[in-house]
Amino acid sequence: MATILAHIHIHPGKENDWETLCQKLWAATQDERGKLQYQYWRGQTPNLYYCLLSFEDFNAFIEHQTSGHHEEASPLMQDMIADMTLEWVDPVQGASELPSTNSQALPEGADALTTEYHSLFAATIADWWQQLR
């Protein structure tokens, strides 16, 4: 499973455009293979948004990242996003319905974009999580 909490700072004045894009991405993601959670949130800090995304496995997450609708939105996102941090998170078992976050090997025969994204978005599994599983 792969779960990420994205911390997204939007350029001032881009909030409405960002929320419209979020709505389109949310709608397009609902039927993706392996999607468990995909939600956008406004933060307390002005222009700060969060995206919680969780997929059954790492490769389903990479399929999401390389999907046509996500690739189409990427140039628009670049114009709106001032800063973004992707934080891999791990569900507390017994206090979440989601399974533990794990990485996966690159699928055999993967195309160039999948190979690039597999490396770019590699799952970061914190050492201390292992002690608690």
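The values are calculated or read from the model by the stated rules, or taken from the named source; none is laboratory data. Note that the coordinates shown come from a computational prediction; the quantities given were computed from them, not determined experimentally. All Cβ positions, glycine included, derive from the backbone under ideal geometry; neighbour counts span all protein chains shown. With ligands, DNA and RNA removed, areas are computed over all heavy atoms of the protein, side chains included. Shrake-Rupley method; radii C 1.70, N 1.55, O 1.52, S 1.80 Å.
In this structure, GLU71 does not qualify as of a type in the set (D, E, K, R), at pLDDT below 95 and open to solvent by 70 Å² or more (accessible area, probe 1.4 Å). The set of residues in segment 50-81 that are in contact with a helix residue (DSSP H, G or I) (Cβ under 7 Å, 6 or more places away or on another chain) and farther than 17 Å from LEU120 by Cβ comprises HIS69, LEU76, MET80. Restrict the check to segment 31-39 and report whether at least one residue is among the basic types (Lys, Arg), farther than 19 Å from HIS7 by Cα, open to solvent by 30 Å² or more (accessible area, probe 1.4 Å) and assigned to a loop (DSSP other than H, G, I, E, B). Within segment 31-39 (the criterion being among the basic types (Lys, Arg), farther than 19 Å from HIS7 by Cα, open to solvent by 30 Å² or more (accessible area, probe 1.4 Å) and assigned to a loop (DSSP other than H, G, I, E, B)), the answer is yes, since at least one residue qualifies.
Screening PRO91 on (1) open to solvent by 70 Å² or more (accessible area, probe 1.4 Å); (2) closer than 19 Å to PHE121 by Cβ; (3) in a loop (DSSP other than H, G, I, E, B) shows it passes everything except condition (1).
Please find, within segment 114-133, the residue that is most open to solvent (accessible area, probe 1.4 Å) out of those that are more than 17 Å from PHE55 (Cβ to Cβ) and aliphatic (A, V, I, L, M). Ranking the qualifying residues of segment 114-133, first place goes to LEU132.
Residues in segment 60-88 that are in a helix (DSSP H, G or I) and within 12 Å of the chain's Cα centre (by Cα): ALA60, PHE61, ILE62, GLU63, HIS64, GLN65, HIS70. For GLN44, the stated conditions do not hold, so it cannot be described as closer than 16 Å to GLU87 by Cα, open to solvent by 50 Å² or more (accessible area, probe 1.4 Å) and modelled with pLDDT of 95 or more.
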